[in-house]
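Visitor: Structure provided below as structure tokens; questions to follow.
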Amino acid sequence: MMASSYNAKDEDGHHPGSVGSGGPGAVKSKKPDNTAFKQQRLPAWQPILTAGTVLPAFFMIGLIFIPIGIGLLVTSNNIKEFEVRAVAIATSYCVIRALCSYTAPRTKDFSNVFMYYGLSNFYQNHRRYVKSRDDSQLNGDKSSLLNPSKECEPYRTSDKKSIAPCGAIANSLFNDTLELFYIHPNGSRIAIHLVKTGIAWWTDKHVKFRNPGENNNNLSIVFQDTSKPVNWRKPVYELDPSDPDNNGFINEDFIVWMRTAALPTFRKLYRIIQKKKDNMTPTLPPGNYSLEVIYNYPVRSFDGRKRMILSTISWMGGKNPFLGIAYITVGSVCFFLGVVLLIIHHKYGNRNNNADIPN
Amino acid sequence: MDFSTIRNLITRYCTGEESWVDSRTVYIGHKVPPPGTEAYIPQRFPDNRVVSSKYTFWNFIPKNLFEQFRRIANFYFLIIFLVQLIIDTPTSPMTSGLPLFFVITVTAIKQGYEDWIRHKADNAVNQCPVHVIQHGKVVRKQSQKLQVGDIVQVKEDETFPCDLILLSTSREDGTCFVTTASLDGESSHKTYYAVQDTKAFNTAEEVDTLHATIECEQPQPDLYKFVGRINIYLDRDEPIARPLGSENLLLRGATLKNTEYIHAVAIYTGMETKMALNYQSKSQKRSAVEKSMNAYLIVYLGILISKALINTVLKYVWQANPNRDEPWYNQKTETERQRHVLIRAFTDFLAFMVLFNYIIPVSMYVTVEMQKFLGSYFILWDDDMFDEELGEGPLVNTSDLNEELGQVEYVFTDKTGTLTENNMELRECCVDGNVYVPHAICNGQILPGAAGMDMIDSSPGVDGKEREELFFRALCLCHTVQVKEEETVDGIKRGIHQGKSTSFYISSSPDEVALVEGMKRLGFTYLRLKDSHMEILNREDEMERFELLEVLNFDSVRRRMSVIVKSSSGEYYLFCKGADSSIFPRVVSGKVEQVRARVEHNAVEGLRTLCVAYKKLTHEEYDQTCRLLNSAKLALQDRDKKLAEAYDVIEKDFILLGATAVEDRLQDKAADTIESLHKAGMKVWVLTGDKMETAAATCYASKLFHRNTQILELTTKRTEEQSLHDVLFDLSRTVLRQHGSMTRDIFSGLSGDYQDYGLIIDGATLSAVLKPTQDVTSNGGNYKEIFLEICRNCSAVLCCRMAPLQKAQIVKLIKASKEHPITLAIGDGANDVSMILEAHVGIGIMGKEGRQAARNSDYAITKFKHLKKMLLVHGHYYYIRIAELVQYFFYKNVCFIFPQFLYQFFCGFSQQPLYDTAYLTLYNISFTSLPILLYSLMEQHINMDILKRDPSLYRDIAKNSLLRWPTFIYWTLLGVFDAMVFFFGAFFLFDNTTFTSNGQMFGNWTFGTLVFTVLVFTVTLKLALDTHYWTWINHFVIWGSLLFYVIFSLLWGGIIWPFLNYQRMYYVFMQMLSSGPAWLSIILLIIVSLLPDVVKKVLCRALCPTTTERIQRMRADRIFERVETNIRDSLLDGIQNTTEA
């Protein structure tokens, strides 16, 4: 219907051209094009939000969200999480034997168990801290290795040598050692095998972090003109001497630490306890365990707390009931609003319609 | 910037304070006057270089930057940028520097380009060759080298290079024809006269021998005013002094026509020409939306500063514990430690300011500008407003006021040419009470001779016949009409005679053309003016010649014009025509009563009436008159006043001949338009110079007044009977009583049946009302207030007998009244320019009275009826578009910045930004800019046709309703709510747990990216919810910009960017997307943020719908019903078919 009306107008446009005194050419050139766009008459979908149109959406959201929420909540509740608050003791060596009874229910977990350390009141997201790093140094750039970015101050140089890795983040690398032992009923302690790779992002380990010096396997030579971060006990090339793929800048503990946490209370992945190959025995069989912590990392000064967390992981990650609850809540609210709107729609919608008709 | 003040200063500086004089002396041909004449003070004049460009190559960058940073917004962003450069700030200077640089560069390029074009134009003008007479020879010179005093030769179709005094022309009578189309838009040829005593100096050699000086006033911008004197020295005698007037002054920019060549002397050059003086940028008008935008900006500036202050204070409270200020893992550098605490606090404050500065976005200004500029094209393109007759569409002279078109509360309209066609036709003439009606043109053929005349009354006797012919001759002679000739001189006579349009009449006043054409149909044809003889062809096809001795030009104060002619028989006649009020008091004999009755009758019919009178002059009387006129014309000072006095003396003791009535038809759909404007809640005022009866008749015809409108009169007639005071109080009492009942009506919802009032006021009374009274005892100062009170309660006001300046006064008065309503003035003539410039929105009509109004207006349209679409459709659209644009911009930046503010509470108030630099920079520039820009160009909440059909919808947006504080607060709170949802949603999701399936943890950048993703989607979808008009472009842009965000993020995080010194975003976005809960929470958070707005919208629509919403609903229902009935019908058909079968 619209198209036909344009055509009619077009024809109209031609008539005055021949009659007009200014000459047809002049008339035509000034006359605007009669396109739908220029006349603001593009065909358009013109939706309006009324109770009627919104109602189904609300019910739909309610119907979809509540099951999702329940699913999420159930998944979250199925995740076993176990947390130990490390008591900071002045001694550097500390063993906690309080775990025993709690690990008993872990009977059916055949999946990997993830071991985290947690810190609280630690401001990894402080601006001065966040920017205190040199990404090109960490990416293996030779010049940055010897001349790190200004952002690293005051952890840029020591003893007139540049620090590698420079910056506050690297300097404050978490250096406690956590070890987990299974206490066999006969009293012997069996060390649980803790896998220390696969804890950092794959891209971080393989692309973003790189050791300088190309293929030079002898890292001590590569780093010879640099100095270790002041708080470190050993230089960067001795972080994991046993595994050259986990040493230097590509040490995964280091990479994990370098990803600054969003909030002052955070946890970081420390080790993975891999599931048993046979899938018959649980990853952590019920029984008593002991956690041994080599306590190096001071947190008392800033009222910090340390934790060790053992957790299984589902498709939705660790234990977090928030998402499930939120989904259920939002779903219910939508459902409720849907009902309210339905009532309003019936009460007022008709009245409005009646009022409209005389207009 | 005011040119004239600078110029004055410069002149003063150059010439010294003492030599500053009010007139200048020009030596023609630079010849020193003979000794013994008065000592002239030598003056320096500028050369003829015209500079319209603003910049030179050298000063472009500093000057342009300076001008740009004078804008408060640009300055603010510059400060932020500098702060970022100087102190250690959380965000890189790029984030604000880049957009600012972009804006500044684009503006600079645009202005530079415009200036380059101006330079080119200037050069073309300045270097174009002119012919100057030097030592008796014609020399070519560049225009810019022209000096005051040079004698210039101009050939046909050339443009005058500067303001010139015409000395001689190729035509023997010393006249030349000029069109001033480029000056005032009037394309008709105007006649200019050479000085009588120099017109004989025809050739270059002769002119060079001329020895004369010109004294004239210093340059002033009025195109039509000029006074001067030429002193011609012949044979060392006493100089002959001749007056110079604007008829001798050829203006720069005008073009010589129909004259082979002229010689003239330059008197004003370069920037002192009248054209250059008139070239002034109009004062910038600001729209109401812009004002509320500025108010919002101040609020947001307050929010910004208080946020920064709160955070700074909290930071220092929190840092009181040294272990928090500087824990072992996060030490400060030495220099930081040594800084004084106050300096640190101040730097922190600035850093917070920088962190939050995006709440006032640079891009809003860019978007608003672009919206206005691009949006104005829809007016230009509008086919409905295109006039086929003129072959022209609307013009947009400024796009700053688009949205103001949707806010108009008062419409001030001119009558003639605006409400009416200004297409005059002589309807009848009345001689001594006998009425003649000229036959209309039948099929383009004019019935010749006396047959073209109908006599209604009894045929007059011999004496009457003589009077009748005198009347016709009077009308044929008393005018300033020119005959535009076609090429051949021969053809003219025949052409006119045979009615073929080989020649036609041109005049600045259409009334005159109508009269002369009417006379032609009554048998008296004006042929031409030749050698100051006017030739007319009488009924017997005989040529009559009258020598034209004097023309006493029309002016709007006198409201009449006269000519003095000498007939071939040697009799002197003075013919005068003018408004009845200016003729009747000067009449001594004639059938005054009959004519007056007829005039009044015609005026009521809405016809324009003119009275014609004459007197015979004896030779002595004529001489006396001549002397009187010449002495007045020669006066250098107060010439106008003296002329007026002389006219007053001359034009009296008339014998009344009769009257004419010219019909000025109403414009097409004028009544419909006015009715629509009324329904839209606008008050329409007609301001006209016409007389009350005519104007009132037009008002009735155009439905401004209805039959049941009670007319309140505030005219001189009434104030003569009562004092102004009493009249005013009377009227206000009447109106106020009405007002009380009206409000009641509105409450009871029956507003249709109240008495409405129309006010008629005339110019004289108006000036009495507006005049501040001296005596304090009477409450005369309140007249204005009372008057406004009355006007406010009248639906229509007619102001007649208005001088142009009074029109502007009225507009100003309403503008300044306490509600500060938005006013619109519409007119077509030069007399409307002042009100067009004064009103908030000035609309010019490209009509018959030249283009002056159109040029000075903000928008120009071709017909009055187009005002309806302009206001009801375009104005309405632009208003809702820009209102949404402004509110949305603030909303989206609250959403953007508030999470950053919240984040400070969790990062030790360290100014850590939540988002990556790229996101901070691009959020306003690219992720969220296009959808809103497109919305603000395309949105149509209601169909155009409905807007036009139902003007009352305009009331929905009246009084800036979409930009009131409650709406603004709602948007801001919505923004805060959404920001809270984003931030705390992400916060609880990140709360000490992982949400990947491989147990790995996310960092702060993932946190920010999650918030940012939700933010971009929510903000865009919020706009999608507000969009009522989804064309494919909307779909493309909205979904496209979301897609762009995703693609950009993938790219941004997908590569180690070599030029960046950080790689914080590397794979962050992809890692986030690889996590299921991140997806789930993004969806959840988007829905939660949009939910309240949707609920609010639905509830408002259901519980208290506005008219707009009802209409939308109705339309939707109707479509639904149509579908339903279609289905039912087809079903019924089907059933019938089956039963039949």
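The values are calculated or read from the model by the stated rules, or taken from the named source; none is laboratory data. Worth saying up front: this structure is predicted, and the values here are computed from it rather than measured. Cβ sites come from the backbone with ideal geometry, for glycine too, and all protein chains shown count toward neighbours.
Visitor: Kindly indicate whether A:GLY187 is within 26 Å of A:TYR295 (Cβ to Cβ) and either in contact (Cβ under 8 Å) with a residue 12 or more places away in the chain or surrounded by 13 or more Cβ atoms within 10 Å (Cβ to Cβ) (or both).
Guide: Considered against the rule, which asks whether it is within 26 Å of A:TYR295 (Cβ to Cβ) and either in contact (Cβ under 8 Å) with a residue 12 or more places away in the chain or surrounded by 13 or more Cβ atoms within 10 Å (Cβ to Cβ) (or both), A:GLY187 comes out as no.
Visitor: Have a look at B:LEU1051, B:LEU1042, B:LEU1080 and point out the one that is at the interface with another protein chain (Cβ under 10 Å from one of its Cβ atoms) and at negative phi.
Guide: Of the residues listed, the single one that is at the interface with another protein chain (Cβ under 10 Å from one of its Cβ atoms) and at negative phi is B:LEU1080.
Visitor: Does region A:146-165 include one or more residues that are of a type in the set (Val, Ile, Thr), assigned to a helix (DSSP H, G or I) and either crowded, with 19+ Cβ neighbours inside 10 Å or within 8 Å of chain B (Cβ to nearest Cβ) (or both)?
Guide: No, because not a single residue in region A:146-165 is of a type in the set (Val, Ile, Thr), assigned to a helix (DSSP H, G or I) and either crowded, with 19+ Cβ neighbours inside 10 Å or within 8 Å of chain B (Cβ to nearest Cβ) (or both).
Visitor: Considering each of B:MET1065, B:MET1114 in turn, give the residue that is touching an Asp or Glu at 6+ places or on another chain (Cβ under 7 Å) and more than 9 Å from every other protein chain (Cβ to nearest Cβ).
Guide: Every option except B:MET1065 fails the conditions.
Visitor: Considering region B:1066-1093 alone, what residues qualify as being crowded, with 22+ Cβ neighbours inside 10 Å and small (Gly, Ala, Ser)?
Guide: B:SER1075, B:ALA1078, B:SER1081, B:SER1089
Visitor: Any idea which residue in region A:128-145 is farthest from the other protein chains (Cβ to nearest Cβ), counting only those that are of a type in the set (D, E, K, R) and more than 13 Å from B:GLN1063 (Cβ to Cβ)?
Guide: A:LYS142
Visitor: Look at region B:387-409 and say how many of its residues are in contact with a strand residue (DSSP E or B) (Cβ under 9 Å, 6 or more places away or on another chain) and more than 13 Å from chain A (Cβ to nearest Cβ).
Guide: Within region B:387-409, residues that are in contact with a strand residue (DSSP E or B) (Cβ under 9 Å, 6 or more places away or on another chain) and more than 13 Å from chain A (Cβ to nearest Cβ) number 9.
Visitor: Answer yes if at least one residue in region B:379-386 is more than 28 Å from B:LEU914 (Cβ to Cβ) and either β-branched (Val, Ile, Thr) or away from every other protein chain (no Cβ under 14 Å) (or both), and no otherwise.
Guide: yes
Visitor: While we're looking at this one, here's another question. Within the bounds of region A:302-321, is there any residue that is in a helix (DSSP H, G or I), over 30 Å from B:ASP325 (Cβ atoms) and more than 9 Å from every other protein chain (Cβ to nearest Cβ)?
Guide: Scanning region A:302-321, I find at least one residue that is in a helix (DSSP H, G or I), over 30 Å from B:ASP325 (Cβ atoms) and more than 9 Å from every other protein chain (Cβ to nearest Cβ), so the answer is yes.
Visitor: Another question, if that's okay. Need pairs with beta-carbon distance below 9 Å; first residue closer than 20 Å to B:ARG324 by Cα and facing another protein chain (nearest Cβ under 7 Å) and within region B:906-917, second in a loop (DSSP other than H, G, I, E, B) and among the charged types (D, E, K, R); sequence gap 6+ or separate chains.
Guide: B:GLN912/A:LYS131
Visitor: Can you tell me which residue in region A:203-228 is surrounded by the most Cβ atoms within 10 Å (Cβ to Cβ), limited to those that are within 14 Å of chain B (Cβ to nearest Cβ) and within 19 Å of A:SER242 (Cβ to Cβ)?
Guide: Checking each candidate, the answer is A:PHE209.
Visitor: Hey, does region A:221-241 have a residue that's of a type in the set (Phe, Trp, Tyr) and in contact with a Gly (Cβ under 7 Å, 6 or more places away or on another chain)?
Guide: Yes.
Visitor: Any idea which residue in region B:532-573 is surrounded by the most Cβ atoms within 10 Å (Cβ to Cβ), counting only those that are among the hydroxyl-bearing types (Ser, Thr, Tyr), modelled with pLDDT of 80 or more and under 22 Å from B:GLN196 (Cβ atoms)?
Guide: That would be B:SER562.
Visitor: Restricting to region B:910-921, count the residues that are crowded, with 24+ Cβ neighbours inside 10 Å and of a type in the set (A, V, I, L, M, F, W, C).
Guide: Matching residues across region B:910-921 total 2.
Visitor: Within region A:233-263, count every residue that is assigned to a loop (DSSP other than H, G, I, E, B) and either buried (at least 21 other Cβ atoms within 10 Å of the Cβ) or away from chain B (no Cβ under 14 Å) (or both).
Guide: Residues in region A:233-263 being assigned to a loop (DSSP other than H, G, I, E, B) and either buried (at least 21 other Cβ atoms within 10 Å of the Cβ) or away from chain B (no Cβ under 14 Å) (or both): 14 in total.
Visitor: B:ILE969 is checked against (1) aliphatic (A, V, I, L, M); (2) surrounded by fewer than 17 Cβ atoms within 10 Å (Cβ to Cβ); (3) within 14 Å of chain A (Cβ to nearest Cβ) and fails just one. What number does that condition carry?
Guide: (3)
Visitor: Also: Take the residues of region B:697-719 that are of a type in the set (A, V, I, L, M) and buried (at least 24 other Cβ atoms within 10 Å of the Cβ): which is farthest from the chain's Cα centre (by Cα)?
Guide: Out of the qualifying residues, it is B:LEU714.
Visitor: Only one of B:GLY302, B:GLY253 is surrounded by 14 or more Cβ atoms within 10 Å (Cβ to Cβ) and within 38 Å of the chain's Cα centre (by Cα). Can you tell me which?
Guide: Within the list B:GLY302, B:GLY253, the selection yields B:GLY253.
Visitor: Could you grab me the full set of residues in region B:1015-1060 that are within 40 Å of the chain's Cα centre (by Cα) and aromatic (Phe, Trp, Tyr)?
Guide: Residues satisfying the conditions are B:TYR1029, B:TRP1030, B:TRP1032, B:PHE1036, B:TRP1039.
Visitor: Considering only residues of region A:322-332 that are within 10 Å of another protein chain (Cβ to nearest Cβ) and touching a residue at least 24 places away in the same chain (Cβ under 8 Å), which is nearest to B:LEU1073 (Cα to Cα)?
Guide: A:LEU323
Visitor: Name, by its number, the condition in (1) farther than 18 Å from B:VAL894 by Cβ; (2) among the polar types (S, T, N, Q); (3) surrounded by 23 or more Cβ atoms within 10 Å (Cβ to Cβ) that does not hold for B:ASN357.
Guide: B:ASN357 satisfies all of (1) farther than 18 Å from B:VAL894 by Cβ; (2) among the polar types (S, T, N, Q); (3) surrounded by 23 or more Cβ atoms within 10 Å (Cβ to Cβ) except (1).
Visitor: Please list, ordered by first then second residue, the pairs with beta carbon atoms under 6 Å, 6 or more apart or interchain, first in region B:1074-1094 and within 19 Å of A:PHE336 (Cβ to Cβ), second surrounded by 21 or more Cβ atoms within 10 Å (Cβ to Cβ) and acidic (Asp, Glu).
Guide: Between residues of region B:1074-1094 that are within 19 Å of A:PHE336 (Cβ to Cβ) and residues that are surrounded by 21 or more Cβ atoms within 10 Å (Cβ to Cβ) and acidic (Asp, Glu), the close pairs are B:SER1089/B:ASP978.
Visitor: May I pose another question? Could you check region B:320-347 and list, in sequence order, the residues that are within 11 Å of chain A (Cβ to nearest Cβ) and surrounded by 13 or more Cβ atoms within 10 Å (Cβ to Cβ)?
Guide: Across region B:320-347, the qualifying residues are B:ASN323, B:ARG324, B:ASP325, B:GLU326, B:PRO327, B:TRP328, B:TYR329, B:ASN330, B:GLN331, B:LYS332, B:THR333, B:GLU336.
Visitor: Out of all the residues in region B:104-131, which are among the basic types (Lys, Arg) and farther than 25 Å from B:THR367 by Cβ?
Guide: B:ARG118, B:LYS120
Visitor: Name every residue in region B:853-894 that is closer than 10 Å to B:ASP828 by Cβ, part of a helix (DSSP H, G or I) and in contact with a Leu (Cβ under 9 Å, 6 or more places away or on another chain), in order of residue number.
Guide: B:ALA854
Visitor: Note down all Cβ pairs under 8 Å where the first residue falls in region B:988-1015 and is at positive phi, the second is among the small types (Gly, Ala, Ser), and they're at least six residues apart or on different chains.
Guide: Pairs found: B:ASN992/A:GLY118; B:GLY999/A:SER311; B:GLY999/A:GLY317; B:GLY999/A:GLY318.
Visitor: Restricting the search to region A:51-64, which residues are closer than 23 Å to B:LEU1099 by Cα and either among the small types (Gly, Ala, Ser) or in contact (Cβ under 8 Å) with a residue 24 or more places away in the chain (or both)?
Guide: A:ALA51, A:GLY52, A:VAL54, A:LEU55, A:ALA57, A:PHE58, A:PHE59, A:ILE61, A:GLY62, A:LEU63
Visitor: Please determine whether any residue of region B:1017-1034 is closer than 16 Å to B:PRO931 by Cβ, aliphatic (A, V, I, L, M) and facing chain A (nearest Cβ under 9 Å).
Guide: Yes: region B:1017-1034 contains one or more residues that are closer than 16 Å to B:PRO931 by Cβ, aliphatic (A, V, I, L, M) and facing chain A (nearest Cβ under 9 Å).
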